[in-house]
Amino acid sequence: MLLLELLFFLVLILVAAEVFVNALEHLGERLKISEGVTGSVFAAIGTALPETLVPLLAIFGGTQNQQVNEEIGVGAILGAPLMLSTLSLFLMTLAVWKHRGSQGHLTPERSGLTRDLNFFLAAFALSCVALFVPHETGGIRAMLAFVMVTIYFFYILLTLRASAQLVQDGHATEAEEPMLLCKLGLPENWPTIFLQLGLGLGLLVVGAKGFIHGVEAAAPLLGISALVLSLMIVPIATELPEKVNSILWIRKHKDTLAFGNITGAMVFQGTLLPAIGILLTPWVPQKEVLAGVVITLLAALWLRLMLMRGQLRVWHLAVNGGLYALYLAIALS
């Protein structure tokens, strides 16, 4: 029965992702914005907002046990960038390996992807530094948190400013398929776009929450700590299903949207939420936490280095999958 429940909500998530992606492409086309803005800002924030609630609710009193609350909060905060930079990118590789081959080229718009990775690496490195700052030195932690929040808003500003030139260079968002609601007879206009966006996002939330419920029911069978559980399972249940958007896009050769959806979410999840964790939790370098932060930085740095070489290939993202396997080996040892 539990398996059928998980399968049902997984199918619901797949349908919701298609509805959301279709509406988002039409929104980007109508606004005449670049694929980078559509993927890195709109798609990334839109699909990451539901998951943002998990660590916040945990930190502010998910259970009667404050230590468990903090462990779940820290795990959910750090687990999301870990999963995005490793497993999510690897799944994109699996989606195109057959058609493009291991040496096949991935062609996201370079300036936007470079900007995403640079901002993420700068901000998330501060998360690593904060692990070694004593909680008693609140002023230093507050300063680090403020810098991380400032980094994100500066990132949004630069991404929006770059949009106009990218549109002129041929990177405008284009919708290839008609609006799904229009096929049911509704007119193609702003209200229909927002109605379909809301429908897709709502279904994503319902599907993700149902999937979480199923995972939580199965979790006691695994016999692992709340910290490891939140680092490994919560991000898979809350983040990974919605990154089906990226798989849909990359299979359609919309590489800029596919990467932007992931790396934009990395910037969002790697700046604002760690800032909250630094301020409100012990944020100490436990083995599982430190390993997760270091491997996340290595995964993002690897992608940045391959992009700097000028040719991003399918097999490069397989390395990110290997890094996720390495983390599992460390966390479960």
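One table, with the values for the structure above:
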read-out	value
Members of K32/K98; K32/K243; K98/K243; K243/K287 lying beyond 31 Å, as alpha-carbon distances in this model show	K32/K98
Taking the convex hull of Cα positions in the range 236-333, its mean projected area over all directions (nm²)	7.2
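We did not get these values from a lab; they are worked out from the coordinates using the rules stated. Bear in mind that the values here come from a model prediction, so they are computed numbers and not experimental data.
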